[in-house]
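Contents: one structure, followed by commentary.
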Amino acid sequence: MDFVYKVKDMSGAIRESSAKAENAQLLQARLSARGYEVIEIKERGFSLMQIPMIAELDAAVAKLEPIGLKDMVVFSRQFAAMISAGVPLLRTLSIIVEQCKNRKLKSCLEEVRRSVESGLSLSDALVRQHGVFDKLYVSMVRAGEAGGFLAEVLTRLADFLEARQKLNQKVRSAMVYPSVVLAIAVLVFWVMLTFILPIFEGLFKNIGSELPAYTRFLMSLSEYMRSIWMALFVVCVLVSLYFVRRYYRTEKGREHIDGIFLSLPLFGDLSRKVAIARFCRTFGTLIKAGVPMLSALDVVKDTAGNASIARSVEKIYNEVRQGGSISKPMARISLFPAMVTQMVAVGEETGNLDEMLTKVAEFYDMEVDNSVESLTSLLEPIMVVGIGGIVGSVVVGMYLPIFTVIEQLR
């Protein structure tokens, strides 16, 4: 049953919300256990959500709602603030569930609250939420629970997720501009060949003289784009992309395609810097949170975001497991620049590995900023000239026959 209730919290503030319960007595007991003074509970009137089919459809739609990094940052900061203030864990989870706006995250946190209420630890409850809390998040929370500094760990997690969100936005901004301009260029070329050039085709046929070779080529291309062969070409491209995506899901395919991305002339350097910044920030955050070295490397390997980086981290993990250092295997891997390996070596010698990794991550964040600006300033004139060249090539092809007739009349 759906109920609407009004309660007073410990600070004296009046709060109104809604909840589901078997009856009003159970809801009152639940609210009292959270430290609220119940003022009023009444059953909600009829709503469409009381229809089972609509309720199931709404639940299915809620499960499809994506959980972004921003949602995780807000949750982690709220969680850290309330734990630092001494609010009990169960009550903290209950308050966050009530305030959470993302319906999928709200449902997951409600399940986490129930698991903790049944006796599980917070980290074990988070593990059950597949696809929401990754190994990095769970490992840091487990370390915070074991060390008694859960609030500090949650604050570091929020800082880490916020930094990762900014890094993703930088990379996305670098990719959006050329993608949009390229799409516009292809659309303009398609419209001119499909709709504009056929208008001139009848005029060209009445000229009587032989058309220039370039104009004949454009007319053949226009006829091809308006035929069934163009639809077959689009289908072939979509099928190819499907198989490439399936190949990328395999371990070998992902390593191969990620290696190609790192070797691209313009975007490869940016991808490399992003991967190094993510590796250093993730590794440094885990070490600072008290996660053991081998566990931290195992988590970094799974959350690297690039198969080439993951394979390199796996080599480092195997050597460290045998008693070696981190900097020596890193120095033998061409993916890591000398500056990174030297900073890691200094961090190992001084015992400040987490601080050195954080400094390297901040340095490469600045490098990503500079690379994005340079890439944007370089691509802007290239894209403008490219669109101008595409439009100009079609215009020249349309007016060449006219110039030919004028020349013949002379």
Determine the relative contact order of the chain: mean sequence separation of Cα pairs under 8 Å and six or more apart, normalised by residue count, in whole percent. 14 percent
Nothing charged except the Cβ atoms of Lys and Arg (+1) and of Asp and Glu (-1): what's the magnitude of the dipole of the stretch 267-365 about its Cα centre? Round to the nearest 20 debye. 260 debye
If you take the alpha carbon radius of gyration of the chain and divide it by 2.2 N^0.38 Å, what ratio comes out, to two decimals? 1.39
Report the label-to-label distance for S84 and D134 in nanometres (one decimal), using points 7 Å from each Cα along the Cα→Cβ vector. 2.5 nm
Where does the chain land at 222 nm, in deg cm²/dmol rounded to the nearest 500, when only DSSP H runs of n ≥ 4 count, each adding -39500 (n - 2.57), divided by all residues? -25000 deg cm²/dmol
Relative to the longest principal Cα axis of the chain, at what angle does helix 293-302 sit, 0 to 90 degrees, rounded to 10? 40 degrees
Tell me, in nm to one decimal, what length is gained between R226 and E117 on full extension, where the rule is 0.36 nm per residue of separation less the Cα-Cα distance? 32.8 nm
Convex hull volume per residue for the stretch 262-410, taking Cα atoms only, in Å³: 133 Å³
Two-site FRET efficiency, S374 against V188, from Cβ-Cβ distance with R₀ of 22 Å, rounded to 0.05: 0.25
Please count, across the stretch 267-365, the pairs of lysine residues with Cα atoms under 18 Å apart that sit 8 or more places apart or on different chains. 7
So how compact is the stretch 101-198: Cα radius of gyration and Dmax in angstrom? 22.7, 74
Mind checking the angle between helix 103-117 and the chain's longest principal axis? C-alpha axes, 0 to 90 degrees, to the nearest 10. 30 degrees
Any chance you could check the Cα centroid distance between the stretch 220-252 and the stretch 99-175 for me, in angstrom? 40 Å
Mind ranking 89-102, 111-124 by how tightly packed they are, going by the mean number of other C-beta atoms within 10 angstrom, highest first? 89-102, 111-124
Packing rank of 361-373, 24-36, where each peptide gets the mean count of other beta carbons within 10 Å, highest leading: 361-373, 24-36
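Where a number appears in this text, it was derived from the coordinates with a stated rule and is not lab data. Small disclaimer: the values here were computed from a predicted structure and weren't measured. Cβ coordinates were reconstructed from backbone atoms using ideal geometry, including for glycine residues, and neighbour counts include every protein chain displayed.
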